[in-house]
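Below is one structure; the comments refer to it alone.
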Amino acid sequence: MGVCYGTPDFPTPSFTGYLKSGMKLTISSSSSSAASNSHDLVGARDNQAFGDGEILAAPNLTVFSFAELKEATKNFRADAQVGEGGFGYVYKGVLHGKQLSERTKTIIAVKRLDQSSAQGYREWLREIEFLGRLSHPNLAKLLGYCREGEDLVLVYEFMPKGSLNNHLFRKGSTAHLPWDVRLKIAIGAARGLAFLHSSCNMIHRNFKTSNILLDASYTARLTDFGLMRSGPPEGESHVSTRVMGTMGYAAPEYVMTGHLYLKSDVYSFGVVSLEILTGLRAFDLNRPKKQHNLVTWVRPLLSSKRKLKTIVGSRLEDNYCIDSAFQIAQLALKCLQKTPKGWPSMIEVVEELESVEAASANRIPRDA
C-alpha cells in the first residue's frame, strides 16, 4: 500500500455477509462514526451513479475458509506471490468447483494480512464494507474474505495483466504500453475515481499506479481501498484528518494542513498522468537531487510541445501523437495546481480525456 504518512483514523464499519451455505455472518461495531460513514454510502445510492456503477445496500460476499484459500494458493507458496504492499502479500490462486460462477475453475487474487503490518484489521474491514458494496467496471471486484484467528484475507477477481506500475516501471522489461492503451488506462482509472466522488462521496486517498490493476483487455480497475474515507458533508469544503497516502502522490495542501477534499484524488491523478506520459516514477531517489520529485522537476517542461518531447517516455519510441500528449500534459497541469480551488472535478477529467482519445483516434501518429 506504499509509504504512509500516518496511521488510519477511519471508523470500523458494520455489515452482514453471506456464507456459502446461505447463513448470514454479521460483523458489527458500536462506533458512531462507523454508522455515519455507512449512512453516507447508503445515502449516495439516491444520486445518479456515474457510468455503469451500482451501490448495493449491503455486501454480498463469499466467506472462505482459510483451508480452502491455502489449497487455492498451494499453501501461499512463494512462486504464487504476485504482489505486496503495506497490508501484506498478494497471491494468485485457483478455486476448483462452481463456487463463484458456472465455471469449474476460477482464478483469484488472495491478499493476506502480514500480521506484523501496521495496517491491519480496520483496513481489512473497510475494504469489505465499502468495496463489497460498490460495483463498477473500473473498480476491482471483491469476491469474498476470510477471518480465522489472526488470519485476515481478502479475495479478489484476478487481473491477468497485473498493475500499471509493473508495466511502466518493471526493470528489465522490454514490453511497453502503446499510446492508445495508455489513454484507455487513464480514462478507465478516471472513470473509477469519478464514480467514487460523484456517486459515493468517497475519497480513495491512495490513488497511484500500483493501485491500478489491468484486466485481459487492459481495462483499468482501481484497488486498495483500505484508506478510503467519506468526503465532506454537504455545505463543507473538506474534512480534517490524519495525513495518509504515498510520498509523491498526496496533494501538498493535504500534506501541509490535513485538510482532505473530495478532489484531493484529482492531484494524485495528475501525478499518475505524468507517470503514464513520461514512464518515470512519482518519486525516485535514484534520480539527481533536483529530479527526485517528478512533479517539481517536469512541471516547467509541460508548457510547450518542444519541452514536452524531452520527457515523454522513451519506451513509446516516438509512436505517439504529440498533440494528444500535449493535451494530457495540460490536463495534468490543471490537476497539479497547488491549491484545491483550481482542480477540475473527476467528471471533467473524464470528459477531457475522452475528447483527447477521440481526437487521437482520428490522427495519424507522427514522429515527435
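A compact table of results
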| read-out | value |
| --- | --- |
| Lone qualifier among Ser237, Ser264, Ser230, Ser268 - being in contact (Cβ under 8 Å) with a residue 12 or more places away in the chain and surrounded by fewer than 22 Cβ atoms within 10 Å (Cβ to Cβ) | Ser237 |
| Positions within region 219-273 being part of a strand (DSSP E or B) and within 14 Å of the chain's Cα centre (by Cα), in sequence order | Ala220, Arg221, Leu222, Arg229 |
| Pairs, first in contact (Cβ under 8 Å) with a residue 60 or more places away in the chain and within 20 Å of Ile276 (Cβ to Cβ) in region 181-201, second buried (at least 24 other Cβ atoms within 10 Å of the Cβ) and charged (D, E, K, R), C-beta under 6 Å, six or more apart | Leu193/Asp265 |
| Residue list for region 64-88, filter: part of a loop (DSSP other than H, G, I, E, B) and either buried (at least 18 other Cβ atoms within 10 Å of the Cβ) or touching a residue at least 24 places away in the same chain (Cβ under 8 Å) (or both) | Phe64, Ser65, Thr73, Phe76, Gly85, Gly86, Phe87 |
| Of the criteria (1) crowded, with 24+ Cβ neighbours inside 10 Å; (2) closer than 25 Å to Phe283 by Cα, which one Val181 fails | (1) |
| Checking Lys111 against (1) surrounded by 18 or more Cβ atoms within 10 Å (Cβ to Cβ); (2) at pLDDT below 80, the condition it does not meet | (2) |
| Which listed residue is closer than 21 Å to Met247 by Cβ and more than 26 Å from the chain's Cα centre (by Cα), from Lys309, Lys289 | Lys289 |
| Residue identified as under 17 Å from Ala186 (Cβ atoms) and either assigned by TED's automatic domain parsing to the domain that holds His176 or in contact with a Gly (Cβ under 8 Å, 6 or more places away or on another chain) (or both) among Pro344, Pro340 | Pro344 |
| Region 128-159 - residue that is part of a loop (DSSP other than H, G, I, E, B) and either hydrophobic (A, V, I, L, M, F, W, C) or in the same structural domain as Leu227 (by TED's automatic domain parsing) (or both) and, of those, nearest to the chain's Cα centre (by Cα) | Ala140 |
| Ser303 being in a loop (DSSP other than H, G, I, E, B) and more than 23 Å from the chain's Cα centre (by Cα) | yes |
| Test: Met256 is under 11 Å from Asn206 (Cα atoms), of a type in the set (A, V, I, L, M, F, W, C) and surrounded by fewer than 17 Cβ atoms within 10 Å (Cβ to Cβ) | no |
| Test for Lys92: is it over 27 Å from the mean Cα position of the chain (by Cα) and either surrounded by 13 or more Cβ atoms within 10 Å (Cβ to Cβ) or at pLDDT below 60 (or both) | no |
| Arg191 vs. criteria charged (D, E, K, R), out of contact with any Pro (no Cβ under 9 Å at 6 or more places or on another chain) and crowded, with 23+ Cβ neighbours inside 10 Å | no |
| Test result for Ala332, free of Cβ contacts under 8 Å to residues at least 60 places away in the same chain, of a type in the set (A, V, I, L, M), under 30 Å from Asn201 (Cβ atoms) and out of contact with any Cys (no Cβ under 7 Å at 6 or more places or on another chain) | no |
| Residue, modelled with the lowest pLDDT, within region 114-147, restricted to residues that are under 25 Å from Thr219 (Cα atoms) and basic (Lys, Arg) | Arg126 |
| Subset of region 346-367 (residues that are outside any helix (DSSP H, G or I), within 23 Å of Leu280 (Cα to Cα) and either modelled with pLDDT of 90 or more or in contact with a Cys (Cβ under 8 Å, 6 or more places away or on another chain) (or both)) | Pro365, Arg366 |
| Residue identified as outside the structural domain of Lys208 (by TED's automatic domain parsing), under 27 Å from Arg191 (Cβ atoms) and at pLDDT below 50 among Met23, Met1 | Met1 |
| Some residue of region 337-345 being part of a helix (DSSP H, G or I) and closer than 23 Å to Leu164 by Cβ | no |
| Every residue from region 226-252 that is at pLDDT below 90 and touching a His at 6+ places or on another chain (Cβ under 7 Å) | Met228 |
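Table: residues versus (1) at pLDDT below 95; (2) charged (D, E, K, R).
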residue	(1), (2)
Gly162	yes, no
Lys171	yes, yes
Thr174	yes, no
Leu177	yes, no
Ile187	no, no
Leu196	no, no
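The values are calculated or read from the model by the stated rules, or taken from the named source; none is laboratory data. Remember, predicted model here, so these are calculated numbers, not experimental data. Methodologically, a virtual Cβ is constructed for each residue, glycine included, from the backbone with ideal geometry; neighbour enumeration extends over all protein chains shown.
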